[in-house]
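Everything on this sheet refers to the single structure shown next.
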Amino acid sequence: MSISDKVRRAIARRLVSLADAGTFGDAGPSAVRAATSWTVERPKRAEHGDLATNVAMTLTKAVGKPPRAIAEALVKSLLGDAVIASAEIAGPGFVNLRLHPSVFHEELAEILLKGRGYGRAASATGERINLEFVSANPVGPITVAAARNAIFGDTVGRVLEAAGARITREYYINDFGNQVRLFAASLQAIADDQPVPEEGYKGAYIEELATFMKANDPKAFGSEETLSRAGIGWMLSGVPGSKTMVGIQRSLSLLGVYHDVWTSEEALHRSGKVAMALAQLQRGGYLEKKDGALFFVGKGAESLDKDRVVQKSDGNYAYFASDIAYLADKMNRGYDRLMIVLAIDHHGYVPRFKNAFEALGYDALKFEVLLYNFVYIVRNGEVVKSSKRAGNVVTSDEIIEEIDEAAQRVGAGKDALRFYYLSRSANMKVDFDIELAKKKSLDNPVFYVQMGHARLCSILARAEALNIHAPTDLSSEQWSSLSSPDELAITMRLSELPALIAEAAATREPHRVAFYVSELAKDFQSYFTRFKTDPILPRDSDRKDPEWEKKWDMNKTRARLAWVQATRVVYRTALELLGVDAPERMDKPADAEADESE
């Protein structure tokens, strides 16, 4: 339970007691319990208290009393409360609250006790969810746009798992239909030194693949079918040693993204599942024949813009037929819910998917489409429209490699892409500034956040070097030494993690975690620059005194080290949820403040 939840419960108990005692006249305890819209949150100005509540403002109608009268009664009743040390009325009826320091100490002790499990629900206690994301066209590399799909989908999965759900991450390989035939024709043309078909695939990656396959997989050129299947296999796995043709699976791994299941569209057709799904819809009256073609006629809650063809007049299946079979296939595996991540320009797919889902006999509320907006790569103020390497596309591999080289750290590019993409709501466009992402500067948002974690680790490492160990279990007397308003305010921020995870999971909004860790970083970095006159650890100058250990308040130091350790636990958990590394050491940026040892 977060600190704000403990405060809310304490206030609720007092209000029920007041109602029971007749303070609110005819309005009894049930009227008070029914009012749940009031809030407990941190005031805008720290001097106003630890928390503030608008409960008196929202109870006016329910109990028939003016806000200040309710607030006055509440303030008096809170005297001697075990959680709330003092309360005072502000404005028309707001109540500012100050808490007993022990409330903060108890929360820190819980964080240290639970460690990386703090804020997370017990494993696999929620729904069994199939989360399909990326599913990028398998005849091309992972672009920076597809990387947003990958990062968003993966992080939604991480947050849902932290909230207790069982997640299966799935990639749908669109390896059936005209695009695959054009892909095979393009490979064949390049291998034969012939012009690529007008609507075929071009670019450095396709030329490299064709050349590689001709030399290393010549049997693939036996037929269109074998060529397309082999070509897509190489697109997934990549050409050994190539930077242009890294491979979809490798590209995703560089983003920190892994899938549990890879499902082939072609296999759905070959197994007869497409025909079976359409037969089920035919029996239910959801298919109609028009002009020799077969159309899906939706009858669900969301109306279709028009009837959708599932089988063309020439007998070939449309892509929508595969989609219907794929929905049935996933639900037949026993999932409680299906989720699909799509680009915002695919919003028209939502009603047809939901109609098909209902037509198959499933509850539409168990099917979700998560949409994300476009990405623009910016360099020196200009949008980058083509790749140096592949020519016609900008790949995630290229951006990652460039940032890794600039930062001189493998993983820096992955961290930059993930943090930048997740620092915006999925429905917002992202302008990714390559030059800023390469900087070892506190102006770089991901560097700023990671530097905070590295500084926490540095404090703990320096303490170990001084043979001062961060305790995991302190007495009440030792905890009482931790009383700095800044440290207690950051503890309040730490206590918000469990509710944040639950909220981010419920809303499918992982950007909330990015916002949270950015605010935590800001709080800590601000604290870090102000504590030099009262350092956590003795400075070199302090230790020159032969009797420094007798003069130094070791209880306070140990309590503060426990606070640092708890802050590090929450900080690391938030970064893990984002899929961003939490480095223990980082190069000191030129624009950083001097550290406490100086």
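When you go through TRP552, TRP479 one by one, which is the residue that is modelled with pLDDT under 90, among the hydrophobic types (A, V, I, L, M, F, W, C) and open to solvent by 10 Å² or more (accessible area, probe 1.4 Å)? Spell out how you get there, then give the answer.
Numbers: TRP479 fails: modelled with pLDDT under 90.
Result: TRP552 is the single residue among TRP552, TRP479 that is modelled with pLDDT under 90, among the hydrophobic types (A, V, I, L, M, F, W, C) and open to solvent by 10 Å² or more (accessible area, probe 1.4 Å).
For the range 398-449, how many residues meet the condition of being open to solvent by 10 Å² or more (accessible area, probe 1.4 Å), under 22 Å from TYR571 (Cβ atoms) and in contact with a strand residue (DSSP E or B) (Cβ under 8 Å, 6 or more places away or on another chain)?
The total comes to 2.
Could you check how many residues of the range 470-486 are in a helix (DSSP H, G or I) and over 17 Å from LEU97 (Cα atoms)?
So the first thing to find is which residues in the range 470-486 are in a helix (DSSP H, G or I), and the list is 476-479, 485-486.
Filter once more, keeping what is over 17 Å from LEU97 (Cα atoms): 476-479.
Total satisfying the criteria: 4.
Which ones in the range 15-33 are at pLDDT 90 or above and open to solvent by 70 Å² or more (accessible area, probe 1.4 Å)?
If the condition is that a residue be at pLDDT 90 or above and open to solvent by 70 Å² or more (accessible area, probe 1.4 Å), then SER17, ASP20, ALA21, SER30, ARG33 are the ones that fit.
With the structure loaded, tell me whether LEU108 is part of a strand (DSSP E or B) and crowded, with 23+ Cβ neighbours inside 10 Å or whether it fails that test.
On the way: part of a strand (DSSP E or B): no; crowded, with 23+ Cβ neighbours inside 10 Å: yes.
When the stated conditions are applied, LEU108 does not pass them.
Restricting to the range 275-299, what's the tally of residues that are part of a loop (DSSP other than H, G, I, E, B) and under 8 Å from ALA359 (Cβ atoms)? Give the derivation first.
Narrowing the range 275-299 to residues part of a loop (DSSP other than H, G, I, E, B): 284-286, 291-292, 297-299.
With the extra rule that they be under 8 Å from ALA359 (Cβ atoms), the set shrinks to 284, 286, 298-299.
Within the range 275-299, residues that are part of a loop (DSSP other than H, G, I, E, B) and under 8 Å from ALA359 (Cβ atoms) number 4.
Looking at LEU160, LEU131, LEU97, which one is part of a strand (DSSP E or B), under 30 Å from LEU370 (Cα atoms) and either touching a strand residue (DSSP E or B) at 6+ places or on another chain (Cβ under 6 Å) or charged (D, E, K, R) (or both)? Talk me through it step by step, then tell me what you get.
Details: LEU160 fails: part of a strand (DSSP E or B); LEU97 fails: under 30 Å from LEU370 (Cα atoms).
Only one candidate passes the filter, namely LEU131.
Within the range 34-65, restricting attention to residues that are among the small types (Gly, Ala, Ser) and within 15 Å of LEU97 (Cα to Cα), which residue is most open to solvent (accessible area, probe 1.4 Å)? Talk me through it step by step, then tell me what you get.
To start, the set of residues in the range 34-65 that are among the small types (Gly, Ala, Ser) comprises 34-35, 37, 46, 49, 52, 56, 62, 64.
Filter again for within 15 Å of LEU97 (Cα to Cα), leaving 46, 49, 52, 56.
On the way: ALA46: 81, GLY49: 6, ALA52: 18, ALA56: 1 Å².
Among residues in the range 34-65 that are among the small types (Gly, Ala, Ser) and within 15 Å of LEU97 (Cα to Cα), the one most open to solvent (accessible area, probe 1.4 Å) is ALA46.
One line per residue, one yes/no per condition, for (1) within 24 Å of the chain's Cα centre (by Cα); (2) more than 20 Å from VAL144 (Cα to Cα):
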residue	(1), (2)
LEU365	yes, yes
TYR372	yes, no
MET428	yes, no
PHE432	yes, no
CYS457	yes, yes
ARG462	no, yes
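Exactly one of (1) hydroxyl-bearing (Ser, Thr, Tyr); (2) in a loop (DSSP other than H, G, I, E, B); (3) modelled with pLDDT of 95 or more is unmet by THR573. Its number?
(2)
Tally up the residues in the range 163-194 that are farther than 27 Å from ALA210 by Cβ and either part of a helix (DSSP H, G or I) or not β-branched (Val, Ile, Thr) (or both), please.
Initial filter on the range 163-194 (farther than 27 Å from ALA210 by Cβ): 163-170.
From what's left, either part of a helix (DSSP H, G or I) or not β-branched (Val, Ile, Thr) (or both): 163-166, 169-170.
Number satisfying all stated conditions: 6.
Per-residue answers, yes or no, for (1) charged (D, E, K, R); (2) touching a Leu at 6+ places or on another chain (Cβ under 8 Å); (3) in a helix (DSSP H, G or I); (4) in contact (Cβ under 8 Å) with a residue 60 or more places away in the chain:
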position: VAL309; (1), (2), (3), (4): no, yes, no, no
position: SER313; (1), (2), (3), (4): no, no, no, no
position: SER322; (1), (2), (3), (4): no, yes, yes, yes
position: ALA325; (1), (2), (3), (4): no, yes, yes, no
position: LYS330; (1), (2), (3), (4): yes, yes, yes, yes
position: ILE340; (1), (2), (3), (4): no, yes, no, yes
position: LYS354; (1), (2), (3), (4): yes, no, yes, no
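Go through the range 519-530 and report how many residues are buried (at least 20 other Cβ atoms within 10 Å of the Cβ) and among the β-branched types (Val, Ile, Thr).
So the count comes out to 0.
For the range 84-94, does any single residue satisfy the condition of being under 17 Å from GLU487 (Cα atoms), at pLDDT below 95 and in contact with a Lys or Arg (Cβ under 8 Å, 6 or more places away or on another chain)? Step through it out loud before you land on a result.
Step one: filter the range 84-94 for residues under 17 Å from GLU487 (Cα atoms), giving none.
No - not one qualifying residue is present in the range 84-94.
Please enumerate the residues belonging to the range 71-94 that are touching a helix residue (DSSP H, G or I) at 6+ places or on another chain (Cβ under 7 Å), assigned to a loop (DSSP other than H, G, I, E, B) and open to solvent by 50 Å² or more (accessible area, probe 1.4 Å).
PRO92
Being closer than 14 Å to GLY153 by Cα, open to solvent by 10 Å² or more (accessible area, probe 1.4 Å) and in a helix (DSSP H, G or I) is the filter here, so list the residues in the range 504-518 that pass it.
THR507, HIS511
The values are calculated or read from the model by the stated rules, or taken from the named source; none is laboratory data. None of these values were measured; they are calculated from a predicted model. A quick note on method: Cβ atoms are made from the backbone with ideal geometry, for glycine too, and the neighbour counts reach across all protein chains shown. Note: areas computed on protein heavy atoms with side chains; ligands, DNA, RNA excluded. Shrake-Rupley method; radii C 1.70, N 1.55, O 1.52, S 1.80 Å.
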